[in-house]
1. Among (1) in a loop (DSSP other than H, G, I, E, B); (2) surrounded by 15 or more Cβ atoms within 10 Å (Cβ to Cβ); (3) under 25 Å from the mean Cα position of the chain (by Cα), which single condition is residue 339 missing?
2. Answer yes or no as to whether residue 287 is closer than 22 Å to residue 194 by Cβ, within 16 Å of ligand 1 (Cβ to nearest atom) and touching a helix residue (DSSP H, G or I) at 6+ places or on another chain (Cβ under 6 Å).
3. Of everything in segment 1-33 that's free of Cβ contacts under 8 Å to residues at least 40 places away in the same chain and in a helix (DSSP H, G or I), which residue is nearest to the chain's Cα centre (by Cα)?
4. What single numbered condition from (1) under 24 Å from residue 222 (Cα atoms); (2) buried (at least 19 other Cβ atoms within 10 Å of the Cβ); (3) out of contact with any strand residue (DSSP E or B) (no Cβ under 7 Å at 6 or more places or on another chain) fails to hold for residue 298?
5. State whether the residues of segment 279-291 include one that is over 28 Å from residue 9 (Cα atoms) and buried (at least 19 other Cβ atoms within 10 Å of the Cβ).
6. Name every residue in segment 130-165 that is within 16 Å of ligand 2 (Cβ to nearest atom) and in contact with a helix residue (DSSP H, G or I) (Cβ under 8 Å, 6 or more places away or on another chain), in order of residue number.
7. Taking the conditions exactly as written (away from ligand 1 (no atom under 16 Å from the Cβ), touching a residue at least 24 places away in the same chain (Cβ under 8 Å) and outside any loop (DSSP other than H, G, I, E, B)), does residue 206 satisfy them or not?
8. Is one or more of the residues making up segment 145-160 out of contact with any strand residue (DSSP E or B) (no Cβ under 7 Å at 6 or more places or on another chain), more than 15 Å from ligand 1 (Cβ to nearest atom) and more than 19 Å from residue 212 (Cα to Cα)?
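The values are calculated or read from the model by the stated rules, or taken from the named source; none is laboratory data. Note that the structure is predicted; figures quoted are calculated from it, not measured. Here the Cβ is made from the backbone with ideal geometry for all residues, glycine too, and neighbour counts use every protein chain on show.
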Ligand code: ADP
Ligand code: MG
């Protein structure tokens with residue numbers, strides 16, 4: 001167990017890292033953030049930011065010398081950086097688990113080989129692989145194996161020809177997945193420790209717009225049977241990965257069947273609701289998991305709806321000029337909690353903040369979230 005006031009290393013300085021820093025501070029820890037970008041959201045509030053590339057040897061040596069344990073908020077941190085750190089200090093999650101989550105080909109094959117249900121898919125390393133694809137896979141989505149997020153690095157295709165074009169455009173290994181009719185998307189954030197104990201947060205229901213998460217709500221509107229199964233699958237998966245730390249599992253529910261879409265080796269956008277809706281947040285749990293503390297209670301105390309605030313809102317009014325949204329309209333709502341990430345520049349599709357509505361009544365929370373969303377100019 002690593003007690004406070006030890007210094008914790010966080011690889012990545014985005015909003016997930018920023019919430020981690022706050023949670024670590026509350027528990028009395030210090031945090032050193034590694035991120036190549038100056039004034040990144042987590043770096044702004046960390047005890048120290050090392051501004052360097054994730055694989056820079058000197059920066060990693062500095063973290064290893066000054067921190068007790070390291071974690072990540074970003075799955076695209078080179079797994080090799082975590083391996084280097086692991087030679088000198090504790091690292092949770094392990095480089096091996098992160099390496100699986102950061103490559104869709106490895107991830108999908110790991111899921112299939114361990115018997116987890118996934119979307120039907122096919123791996124493309126070179127153009128000639130396309131000759132082996134069955135016509136049944138179309139319509140489909142071509143996804144680059146690495147560095148895709150928020151629907152980026154994805155192309156919807158209806159024919160072999162289009163798939164070939166998309167593959168040539170990406171010019172990198174890809175998976176091609178059957179396009180499914182989704183009844184619902186849900187995700188589950190959990191933590192697992194070295195003894196194999198786990199703590200799952202309630203399953204959350206997610207709605208996406210243009211491939212980016214828009215709204216998350218708990219309780220998820222799915223049958224108890226499906227929710228129990230999601231929890232069972234996530235536990236099995238964490239065990240197979242020998243995972244230590246916080247893990248997120250994204251699921252599709254298609255024609256009543258639960259499939260694993262993808263995993264993230266860290267807290268997740270869809271788990272922001274835990275800050276305001278649960279006794280312990282996913283970020284506090286990340287601190288607890290990496291330091292070997294007992295897990296905090298994951299109990300949901302209220303229905304919670306989270307709405308993402310994208311950079312588009314900054315351009316919604318005034319002829320496309322960048323104007324700060326009128327936060328006063330949200331501040332007026334007493335059960336609304338606003339979280340802004342202190343990003344220096346607003347861009348279309350960029351996650352700038354979020355708010356949650358917390359209410360005893362789930363239907364009321366959803367209605368209020370929609371009213372609040374519209375009030376600041378979000379499009380329907
Ligand atoms: P990322 O979250 O890394 O951008 P995902 O693979 O989770 O990538 O895709 C983003 C969103 O696109 C999903 O949450 C879902 O809404 C939609 N999507 C992705 N794959 C499929 C699919 N095979 N069938 C239907 N919808 C999909
Ligand atoms: Mg996803």
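1. (1)
2. Values: closer than 22 Å to residue 194 by Cβ: yes; within 16 Å of ligand 1 (Cβ to nearest atom): no; touching a helix residue (DSSP H, G or I) at 6+ places or on another chain (Cβ under 6 Å): yes.
The answer is no for residue 287.
3. Among those that are free of Cβ contacts under 8 Å to residues at least 40 places away in the same chain and in a helix (DSSP H, G or I), it is 21.
4. Answer for residue 298: the failing condition is (3).
5. We begin by selecting, within segment 279-291, every residue over 28 Å from residue 9 (Cα atoms); these are none.
Taking every residue of segment 279-291 in turn, none turns out to be over 28 Å from residue 9 (Cα atoms) and buried (at least 19 other Cβ atoms within 10 Å of the Cβ).
6. First pass over segment 130-165, keeping only residues within 16 Å of ligand 2 (Cβ to nearest atom): 141-156.
Answer for segment 130-165, where residues must be within 16 Å of ligand 2 (Cβ to nearest atom) and in contact with a helix residue (DSSP H, G or I) (Cβ under 8 Å, 6 or more places away or on another chain): 142, 143, 144, 145, 146, 148, 153, 155.
7. Values: away from ligand 1 (no atom under 16 Å from the Cβ): no; touching a residue at least 24 places away in the same chain (Cβ under 8 Å): yes; outside any loop (DSSP other than H, G, I, E, B): yes.
Taking the combined requirement at face value, the residue does not satisfy it.
8. Here is the first cut: in segment 145-160, the ones out of contact with any strand residue (DSSP E or B) (no Cβ under 7 Å at 6 or more places or on another chain) are 147, 149, 152, 158-160.
The next check asks that each one be more than 15 Å from ligand 1 (Cβ to nearest atom); those that pass are 159-160.
Filter once more, so that each one left must be more than 19 Å from residue 212 (Cα to Cα): 159-160.
Yes, because at least one residue in segment 145-160 is out of contact with any strand residue (DSSP E or B) (no Cβ under 7 Å at 6 or more places or on another chain), more than 15 Å from ligand 1 (Cβ to nearest atom) and more than 19 Å from residue 212 (Cα to Cα).
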